[in-house]
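Where a number appears in this text, it was derived from the coordinates with a stated rule and is not lab data. The model shown is predicted, which means the values in this text are computed figures rather than measured ones. Cβ atoms come from the backbone with ideal geometry, glycine included; neighbour counts cover every protein chain shown.
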Amino acid sequence: MAKKEYGTRKKYHYIYKTTNTLSGRYYIGMHSTDNLEDGYLGSGTYLKRSINKHGKENHLIEILEFLNSRRELAAREKKIVSLQEIAKKQCMNLKVGGEGGFTEENKIKGRVAANIARALLLQTDPEFKEKYCKAIREGQKRAKERGVKFNNISQCYSWKGKKHKPETLEKMRNTRKEKDLGKGADNSQYGTCWITDETESRKMDKGDLIPEGWRLGRKIK
């Protein structure tokens, strides 16, 4: 018996776009669900890294369009997340749409697709070609200076001699301030600790004497 495709019996099928509001990078995907408020943001590898680094609060999801079935959804995603789309610098997709989960096979497909997309841009976009070739030359030069073999484009990029734009620095400062809120004396739990007598747990001020029969900790054994 053929394996039932995931999401075929779900009520809603839609194409979504999740954007990192700090960097502007985005991910486009498809999702099937019975609850439009399920908190789903996406499952892309780079998207997950972005969420782990910047937090869910700095990612905005928007529904681009609804489809009638999972099959129509996959076909539509394939058209939207094309080779040209994943070649864009701000796009976090690693593979063309409509191919399901990120299996080992799809990882290979994603790398192949990215190479094809880059080749297309080199042929059709003079500005991209100029920047790409310049990066290759700089990478080869840097590798030669370090006495190592030039292997890939990742060796072309260096932060040496570069600076963040003022607006980027401001965003970084604001993000740090938000993360610092609720820490130290600003935290409502500051200066307290948990104690338990193995039947219940409660808080007490640090420095106070622990009552007889109680111990530090919250978890009851």
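Some values worked out for this structure:
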quantity	calculated
Neighbourhood net charge (13 Å Cβ-Cβ; Lys/Arg +1, Asp/Glu -1) for residue 210	0
Filter on 79/129; 10/53; 78/149; 53/149 - keep pairs with C-alpha separation over 28 Å	10/53; 78/149; 53/149
Sequence-distant residues sharing a close amide H with residue 92 (under 5 Å, placed H)	26, 27, 28
Sorted by Cβ neighbour density within 10 Å, fewest at the top, the residues 193, 133	133, 193
